[in-house]
Every structure is written in structure tokens, then in C-alpha cells.
1. Six or more apart or on different chains, Cβ atoms under 9 Å: show the pairs whose first residue is in the range 11-23 and aliphatic (A, V, I, L, M) and whose second is part of a loop (DSSP other than H, G, I, E, B).
2. Please determine whether any residue of the range 58-70 is aromatic (F, W, Y), surrounded by 12 or more Cβ atoms within 10 Å (Cβ to Cβ), in contact with a strand residue (DSSP E or B) (Cβ under 7 Å, 6 or more places away or on another chain) and at pLDDT 95 or above.
3. On the given criteria, is T42 among the polar types (S, T, N, Q) and within 11 Å of the chain's Cα centre (by Cα)?
4. When only residues in the range 71-82 that are among the hydroxyl-bearing types (S, T, Y) and more than 13 Å from the chain's Cα centre (by Cα) count, which is surrounded by the most Cβ atoms within 10 Å (Cβ to Cβ)?
5. Among what's in the range 50-80 and is without any contact (Cβ under 8 Å) to a residue 40 or more places away in the chain and aliphatic (A, V, I, L, M), pick the residue that is nearest to F5 (Cα to Cα).
6. Being outside any helix (DSSP H, G or I), within 23 Å of S74 (Cβ to Cβ) and not polar (S, T, N, Q) is true for just one of R52, R41, R25. Which residue is that?
7. In the list S47, S87, which residue meets the criterion of being touching a Gly at 6+ places or on another chain (Cβ under 7 Å), assigned to a loop (DSSP other than H, G, I, E, B) and farther than 17 Å from W3 by Cβ?
8. Within 12 Å of the chain's Cα centre (by Cα), modelled with pLDDT under 95 and surrounded by fewer than 18 Cβ atoms within 10 Å (Cβ to Cβ), is that true of T85?
Amino acid sequence: MSWYFIVDTYFDAQKGRGAYDEYIRQVKPIVERHGGRYLVRTENLHSLDGKRTPGRVIVIRFDSREQLDACFSSEAYQAILSKRTGSVDSRAIIAEGLE
């Protein structure tokens, strides 16, 4: 059963992006090493109601929940996590796919 990691990222104009761009460069190979495939990775967004207005959205597909969990609990990911959490407001969910 596939699993999806879905994240909205919100930027603070006064705070800037901080280390977020470096996080983005470093996270992609970690995700791919754990079998994750980026389906959406964009800042080209259009809000339908104006209430949900992230600056970036990412959707990553994993073939299993185990792969997803291994990715985000890995030493490599944990080593860069603070670059995201210290720079931007991001809200992630995971969802089981249809098979």
C-alpha cells in the first residue's frame, strides 16, 4: 500500500527563508534514498478560498509506510531537520493511498 507525505510550507516575509533553501537541497537525496518519489514540489500555487495560502507544497509517494517512517526517522534526516523547523512554518500529514 502506498503512502503519501504531504506538506504545506508557509514563509514569514519578515523572517525570510533562513536555512530552508539549504534544507531543500539536502532533503531530496535522503528522500530518494528511502524510495520516496516527488510527485509535487512547487511554489506555483493558487488558493481556492484564500484561507489556505502556503508558499510551497510538497507531495512525496512512498511504496510503504515503513519506507516513509525510515526516511523521516533516519540519522541523515534528523541532522537537517532544524534547518526547516528553524526557518519556516510547515504542516505535514501522511495519508494512505488507494490501491
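The values are calculated or read from the model by the stated rules, or taken from the named source; none is laboratory data. Source: prediction; values computed, not measured. As a convention, Cβ positions derive from the backbone with ideal geometry for all residues, glycine included, and neighbour counts pool all protein chains shown.
1. A19/G86; A19/S87
2. Scanning the range 58-70 turns up at least one residue that is aromatic (F, W, Y), surrounded by 12 or more Cβ atoms within 10 Å (Cβ to Cβ), in contact with a strand residue (DSSP E or B) (Cβ under 7 Å, 6 or more places away or on another chain) and at pLDDT 95 or above.
3. Numbers: among the polar types (S, T, N, Q): yes; within 11 Å of the chain's Cα centre (by Cα): yes.
Against the criterion (among the polar types (S, T, N, Q) and within 11 Å of the chain's Cα centre (by Cα)), T42 qualifies.
4. S74
5. Here the residue is A70.
6. Of R52, R41, R25, the one residue that is outside any helix (DSSP H, G or I), within 23 Å of S74 (Cβ to Cβ) and not polar (S, T, N, Q) is R41.
7. S87
8. The answer is yes for T85.
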